[in-house]
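Encoded as structure tokens, the structure appears first; notes follow it.
Values quoted throughout were computed directly from the atomic coordinates according to the rules given, and no laboratory measurement underlies them. Bear in mind that the values here come from a model prediction, so they are computed numbers and not experimental data. Because the Cβ atoms are built from the backbone with ideal geometry, glycine has one as well, and the counts that use them run over all protein chains shown.
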Amino acid sequence: MSEMNTATHVPVLQVSDLDIEIRGVNGAFAVVSDMSFSVRAGETLCIVGESGCGKSMTALSLLRLLPDAATIAGGKVLIDGQDFLAMNQRQVEDFRGEKIAMIFQEPLSALNPVLRIGEQIAESVRQHRKCNRREADARAVDVLRLVQMPDPERRATQFPHELSGGMRQRAMIALALACDPKIIIADEPTTALDVTIQAQILGLISDLQKRLGTAQILITHDLGVVSEVADRVIVMYAGRKVEEASIYDLFDRPFHPYTIGLMGAVPGAGASSEAGDRLADIPGTVPPLWNLPKGCAFAPRCANASARCLEERPPFEEKRPGHWAACWEHDDAA
Amino acid sequence: MQPDRTPLLSVENLEVHFPIRSGVFQRQVGAVKAVDGVSFSLQRGETLSLVGESGCGKSTTGLALMGLVKPTGGRVQFDGQEIRGFNRAALKSYRRRMQIVFQDPFSSLNPRQRVKDIIRAPLDIHKVGTPAERETRVAELMERVGLRPDQADNFAHQFSGGQRQRIGIARALALNPDVIVCDEPVSALDVSVQAQILNLLSDLQRDLGVSYLSISHDLGVVEFISHRVAVMYLGKIVEIAPKTRIFAEPGHPYTELLMRSAPSRDPRKRHSFSATNDDIPSATKKPSGCPFHTRCPLVTAVCKTTEPALTAREGARWLPVTTAELLS
Ligand SMILES: Nc1ncnc2c1ncn2[C@@H]1O[C@H](COP(=O)(O)OP(=O)(O)OP(=O)(O)O)[C@@H](O)[C@H]1O
Ligand SMILES: Nc1ncnc2c1ncn2[C@@H]1O[C@H](COP(=O)(O)OP(=O)(O)OP(=O)(O)O)[C@@H](O)[C@H]1O
Ligand code: SF4
Ligand code: SF4
Ligand SMILES: [Mg+2]
Ligand SMILES: [Mg+2]
């Protein structure tokens with residue numbers, strides 16, 4: 001989380017050339033293409049991008065929890081060095097929770113409404129660990145305490161609907177942590193929360209990561225959240241990576257016109273605005289994934305688009321040391 | 001633009017209490033004090049933002065002013081005239097001059113209706129102009145909000161979220177209102193599209209002099225759009241002041257908490273957010289005394305029993321005198 005993190009050099013998660021396809025009313029189309037990234041222990045990778053760009057699909061594929069309409073059409077996912085996509089259902093279930101776990105945006109839909117919080121956590125523990133009921137129950141209370149749930153013994157006996165939004169999110173984080181996973185994927189974990197509760201949950205996530213050294217992927221559309229927690233950032237547009245860099249490189253000198261546009265479009269980013277000021281908006285809207293333009297997908301909205309941009313898709317390449325982008329432009333500042 | 005001084009809208013002690021009923025006879029056993037004595041004024045051409053956590057009564061305040069929920073108490077004056085004394089004609093004119101834009105462009109528009117019919121509806125209802133004039137007005141409005149007039153025959157479901165929000169704004173503008181209540185007008189939109197709509201709202205204010213009562217939970221949006229900000233907590237305004245003051249030196253401990261909670265925009269200036277749980281009490285079970293006392297870092301014994309009153313200090317800034325100050 002900080003510059004001095006506990007990151008080691010071996011990635012615990014390595015994704016290469018991942019393609020995800022959806023069969024819908026508009027025929028089959030790619031929702032995620034050529035996604036490659038890796039995450040190390042103790043590191044937080046943020047994936048940002050606007051609605052529908054494929055963030056959740058990417059996340060779900062890493063747990064093999066894609067909806068029926070979607071399939072993994074190609075690529076490789078290595079978790080702790082093992083080929084996750086080649087595993088059978090049984091092995092996949094062993095890996096979930098034990099190696100990789102997910103925190104969703106809506107805890108109410110992810111938690112079982114008719115099971116007490118403590119029971120849900122204990123059940124997951126017993127699925128992965130050789131332990132008796134009492135030990136599993138004790139572990140449940142322990143992880144609830146770890147996520148700073150007030151009065152954990154009592155909360156363990158409550159149902160999800162009896163908790164406030166913030167406490168539910170804590171319960172879900174506890175559930176994800178129950179079996180000490182090496183990788184946590186959090187999909188918009190604070191989007192549904194008030195800013196005050198969001199601050200607490202972000203504080204908790206940072207805290208836990210420092211203590212436990214998990215590798216973390218945090219998905220969000222909020223650049224403020226990114227700036228608070230990321231070590232490294234991937235910016236997605238229309239199903240593809242368009243930029244990847246360390247948090248400082250990205251915020252200091254964004255390369256891709258889309259990233260630059262996003263940063264200018266966030267209100268309140270400037271020190272103080274006068275009413276009557278204008279924001280630097282990006283014209284137009286994201287094109288539908290089943291009808292992408294031929295060249296660069298951002299070309300219809302890009303002020304720098306050239307004839308080549310309309311014809312050929314730019315490769316994802318290293319523009320500056322450790323700073324990658326998919327754009328035909330060169331780094332004139334380098 | 002400099003707002004002029006006579007308030008266009010003045011709200012005093014607005015109260016909306018919803019009954020809580022229970023039992024076979026649905027007897028009233030209590031009340032949700034959703035809005036509990038809110039006072040503010042709005043100038044011509046001004047934007048006042050209401051901010052605060054979910055459930056603090058922002059939308060209910062807006063709906064009450066629109067006449068969409070019934071206030072249980074308080075006074076509202078529009079253009080110097082008290083609404084209660086309005087006869088039917090005056091009330092009708094008030095309804096024309098106050099409009100609302102909602103958060104969710106997807107649910108607030110009928111997807112089976114043509115865009116031109118949606119935008120024209122207020123003109124039809126208030127019988128403004130001839131059919132031909134209404135047609136021209138619709139085209140003019142579409143252009144004004146950045147829609148192509150040749151899309152007038154399309155259905156709402158054929159538009160993107162940002163375009164639907166433009167349709168909602170065009171409809172709100174149809175009758176040349178003085179005030180538009182904007183309830184989270186951009187929170188369902190992507191950042192890049194959100195900026196387009198915020199710019200549009202800002203341009204409309206500059207060109208038409210319309211006032212906004214804006215409701216938003218996004219402090220970035222609030223900072224961009226407002227002249228003044230009212231911070232609400234459990235149905236009450238705890239601080240109201242010019243935007244620059246609220247952001248630069250929040251006066252109330254709750255305002256401070258809100259400001260401190262907003263993510264930083266600079267990875268080198270990260271907050272060290274506290275991970276401790278801090279639950280928001282609800283409007284049904286309001287704490288005694290100062291309603292913020294269960295979360296306030298400055299709480300004293302008196303705060304738990306005595307509620308502070310909103311008092312003017314330093315001219316344009318209102319905030320409650322803390323009990324600690326009353327004692328000193
Ligand atoms: N169950 C589904 N069936 C068919 N298409 C889907 C389904 N879920 C998502 N999609 C489509 O897949 C694309 C990528 O969706 P995804 O949920 O990954 O977006 P996202 O980046 O997470 O967006 P958001 O910020 O809105 O959560 C979208 O265009 C979406 O319409
Ligand atoms: N029609 C109603 N009947 C009963 N209670 C209501 C009604 N409408 C709102 N409330 C309650 O009044 C309180 C204020 O609600 P309101 O919708 O005004 O909050 P808000 O500040 O707009 O919140 P949000 O940010 O979530 O939109 C809440 O406790 C809510 O549950
Ligand atoms: S490749 Fe061309 S159109 Fe695409 S982002 Fe770069 S300059 Fe713009
Ligand atoms: S009255 Fe007391 S509890 Fe309330 S905000 Fe002031 S100091 Fe805090
Ligand atoms: Mg998503
Ligand atoms: Mg509301």
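Results, tabulated for the structure shown:
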item: Efficiency of FRET from Cβ geometry, residue A:161 and residue A:278, R₀ 60 Å, rounded to 0.05; result: 0.85
item: Pairwise centroid distance, computed over Cα atoms, of region B:181-223 with region B:39-53, Å; result: 13 Å
item: With Cα atoms, 0 to 90° folded angle of helix B:191-208 axis to chain B main axis; result: 80 degrees
item: CD proxy at 222 nm, helix term only [per DSSP H run n ≥ 4: -39500 (n - 2.57); per residue of chain A; nearest 500]; result: -9000 deg cm²/dmol
item: Förster-model FRET efficiency, 51 Å R0, residue B:306 and residue A:210, C-beta, rounded to 0.05; result: 0.75
item: Inter-chain shielding of A:228-234 (mean C-beta neighbours from other protein chains, 10 Å cut-off); result: 2
item: Violating pairs (Cα-Cα greater than 23 angstrom) within the set A:241/A:294; A:76/A:99; A:182/A:319; B:58/B:285; A:130/A:210; A:241/B:269; result: A:182/A:319; A:130/A:210; A:241/B:269
item: Max mean-square fluctuation residue, GNM over chain A, Cα-Cα springs under 10 Å, options A:16, A:33, A:164; result: A:164
item: Mean separation of Cα contacts under 8 Å (6+ apart) over length of region B:1-126, as relative contact order %; result: 26 percent
item: Residue B:237 long-range amide H proximity, modeled H, under 5 Å; result: B:39
item: Efficiency of FRET from Cβ geometry, residue A:303 and residue B:75, R₀ 60 Å, rounded to 0.05; result: 0.70
item: Inter-chain Cβ neighbour average for residues B:49-55, partner chain, 10 Å; result: 2
item: Long-range amide H partners of residue B:44 with built H, under 5 Å; result: B:4, B:8
item: Exposed-site-free run, longest, chain A (rule: trypsin sites (Lys or Arg not before Pro); DSSP loop; at most 11 other C-beta within 10 Å); result: A:131-293
item: 10 Å Cβ shell holding at most 12 others, DSSP loop, trypsin sites (Lys or Arg not before Pro): longest site-free stretch of chain B; result: B:128-284
item: Over chain B: helical MRE at 222 nm, DSSP H runs n ≥ 4 each giving -39500 (n - 2.57), nearest 500; result: -9000 deg cm²/dmol
item: Averaged over B:193-202, number of beta-carbon atoms from partner chains that fall within 10 Å; result: 6
item: Under the span-like rule (Cα at least 15 Å along the axis, Kyte-Doolittle mean at least 0.0), DSSP H helices of chain A; result: A:165-177, A:195-212
item: Cα point-scatterer Debye curve for chain B, base-10 log of I(q)/I(0) at q = 0.07, 0.08, 0.15 Å⁻¹; result: -0.32, -0.42, -1.31
item: Amide H contacts of residue A:236 (H built 1.01 Å from N, under 5 Å, at least 5 apart or other chain); result: A:48, A:49, A:242
item: Computed over region B:122-218: relative contact order in percent, which uses C-alpha pairs under 8 Å that are six or more apart; result: 28 percent
item: Relative contact order (%) - chain A, alpha-carbon pairs under 8 angstrom, separation at least six; result: 20 percent
item: Cα-projected label distance for residue B:249 with residue A:330, points at 7 Å along beta-carbon direction, nm; result: 5.3 nm
item: 20 Å binning of all Cα-Cα separations within chain A, expressed as whole percents from 0 upward; result: 29, 57, 14, 0
item: Region B:97-178 - Rg over Rh from alpha carbon coordinates, Kirkwood radius; result: 0.93
item: Translational diffusion coefficient (Stokes-Einstein; Kirkwood radius from C-alpha pairs) of the protein assembly as shown at 20 °C, 1.002 mPa s, in µm²/s; result: 79 µm²/s
item: Region A:215-307: chymotrypsin sites (Phe, Trp or Tyr not before Pro) in DSSP coil with no more than 13 other Cβ atoms inside 10 Å; result: none
